[in-house]
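Q: Here you go, one structure.
The values are calculated or read from the model by the stated rules, or taken from the named source; none is laboratory data. Please read these numbers as outputs of a predicted model, since none were measured by experiment. Note that we place each Cβ from the backbone using ideal geometry, even for glycine, and neighbour counts take in every protein chain shown. Side chains included, ligands, DNA and RNA excluded: accessible areas come from the protein's heavy atoms. Shrake-Rupley method; radii C 1.70, N 1.55, O 1.52, S 1.80 Å.
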Amino acid sequence: MKASLPAVHMHPVDEALLHFKKADRTLYLAALPHKESLKQGTWTAAKGTDRFPALVRSVVSQQLSIKAADAIWLRVHRHLKGEVTPQKVLQTREKTLRAQGLSGAKIKTIQELSRAILEKRLSLTSLSRMHKEEAVASLTQVWGIGRWTAEMFLIFTLNRPDVFSSGDLGLRRSLEKLYDLEVDVPVSVLESYAQHWSPYRSIACRILWAVRDSANY
């Protein structure tokens with residue numbers, strides 16, 4: 001009797017590309033130059049203790065350039081001595097947080113987030129088991145956390161495979177350019193394209209961002 005061969009596990013990007021090759025050849029061809037770079041980094045959900053810092057960093061990044069957001073996050077992280085926890089946030093004076101570059105609104109958001117977690121009104125661990133819309137609703141109950149921030153958390157921190165963020169301006173512009181659409185087409189049009197990419201819409205988002213960055217538009 002022959003021994004069974006071990007199962008071969010494909011990288012999520014390779015799985016997605018096989019799907020896109022059949023479902024949307026335009027996206028498939030656009031992805032090929034970025035295939036190896038897309039595979040870099042972490043492709044598993046962050047462990048529980050890393051989820052709060054990741055969400056705080058997402059809040060810090062709202063409406064800022066990558067360079068500015070990284071600089072502020074580094075100062076916050078350094079001031080908290082690497083312990084970005086709900087307890088540490090609430091123990092830090094607002095004046096001190098402002099000195100690290102945080103706006104009043106962002107300070108309020110991370111404070112409200114910290115309270116929601118400590119009071120067990122929000123569990124970042126349980127989000128992995130929720131349907132996407134339920135997870136978004138749980139996150140957006142916190143003052144200052146909108147749908148975009150919630151969706152970025154699902155894509156990059158929880159590594160949810162099938163999230164499309166139609167409100168992300170970069171995705172909109174990339175999709176419009178790639179498919180020769182008019183600027184600011186209705187969201188329903190964007191969603192109709194995204195339906196073809198399911199169950200790999202998160203990877204489609206990463207492809208569209210990579211295409212946009214490389215084309216500089």
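Q: Any idea of the accessible area per residue across the chain, 1.4 Å probe, to the nearest Å²? If you can, show how the numbers build up before the last one.
A: Values: 12220 Å² over 217 residues.
I get 56 Å² per residue for this part.
Q: Let me ask you something else. Which order do peptides 136-146, 98-108 fall in by mean Cβ count within 10 Å, highest first? Can you show the working numbers first?
A: Values: 136-146: 17.9, 98-108: 15.9.
The packing order, highest mean first, is 136-146, 98-108.
Q: A further question follows. For a quick size check, give me the Cα extents of the range 92-214 along its three principal axes, largest first, whole Å.
A: 50, 33, 24
Q: Within the accessible area of the range 149-217, what % is carbon and sulfur when the probe is 1.4 Å and the other protein chains stay in place? Numbers along the way, then the final one.
A: On the way: 1490 of 2960 Å².
Of the solvent-accessible surface of the range 149-217, carbon and sulfur hold 50 percent.
Q: In Å, the Kirkwood hydrodynamic radius of the range 72-115 over pairs of distinct alpha carbons? Show your work: numbers first, answer last.
A: Numbers: mean 1/r = 0.0982 Å⁻¹.
Here the Kirkwood hydrodynamic radius works out to 10.2 Å.
Q: Hey, how much of the P(r) for the chain falls beyond 30 Å, as a percent of Cα pairs?
A: Working: 7261 of 23436 pairs.
In whole percent, the share of Cα-Cα pairs in the chain beyond 30 Å is 31.
Q: Quick one: Cα centre-to-centre distance for the range 24-79 and the range 159-217, in angstrom?
A: 17
Q: What ³J(HN,Hα) values, in whole Hz, does the Karplus curve 6.51 cos²θ - 1.76 cosθ + 1.60 give for the range 29-40 when θ = phi - 60°, with x put for Gly and Pro?
A: Ordered by residue, 3J(HN,Hα) equals 5, 5, 7, 3, x, 10, 4, 6, 5, 5, 6, 6 Hz.
Q: Using only Cα atoms, what Kirkwood radius does the range 74-157 have, in angstroms?
A: On the way: mean 1/r = 0.0737 Å⁻¹.
Kirkwood hydrodynamic radius for the range 74-157: 13.6 Å.
Q: Where a Cα-Cα gap under 30 Å defines reach, which lysines qualify for Lys47, not counting those fewer than 8 residues away within the same chain?
A: Those lysines meeting the cut-off are Lys35, Lys39, Lys67, Lys81, Lys88, Lys106, Lys108, Lys120, Lys132.
Q: Can you tell me the mean projection area, over all orientations, of the convex hull of the range 147-213's alpha carbons? Units nm², please. Mind showing how you got there, number by number?
A: On the way: hull surface 16.4 nm².
In nm², the orientation-averaged hull projection of the range 147-213 is 4.1.
Q: Let me ask another. For Leu118, what charge total do you get from the other residues with a beta carbon under 14 Å from its beta carbon, if Lys and Arg give +1 and Asp and Glu give -1?
A: Working: positive: Lys88, Arg115, Lys120, Arg121; negative: Glu112, Glu119.
Local charge sum for Leu118: +2.
Q: How many percent of the alpha carbon pairs in the range 102-145 exceed a separation of 15 Å?
A: 42
Q: Moving on. Roughly how much of Asp70 is accessible, in Å² to the nearest 10, using a 1.4 Å probe?
A: Near enough 70 Å² of accessible area.
Q: Taking GluC sites (Glu not before Pro) that fall in a DSSP loop and have at most 12 other Cβ atoms within 10 Å as cut points, what is the longest piece of the chain between them?
A: Working: sites that count: Glu83, Glu119, Glu182.
Answer from the scan: 1-82.
Q: Same structure again: Spin-label point model (7 Å from Cα, Cβ direction): what's the Lys95 to Leu32 distance in nm?
A: Simple spin-label model gives 6.1 nm for this pair.
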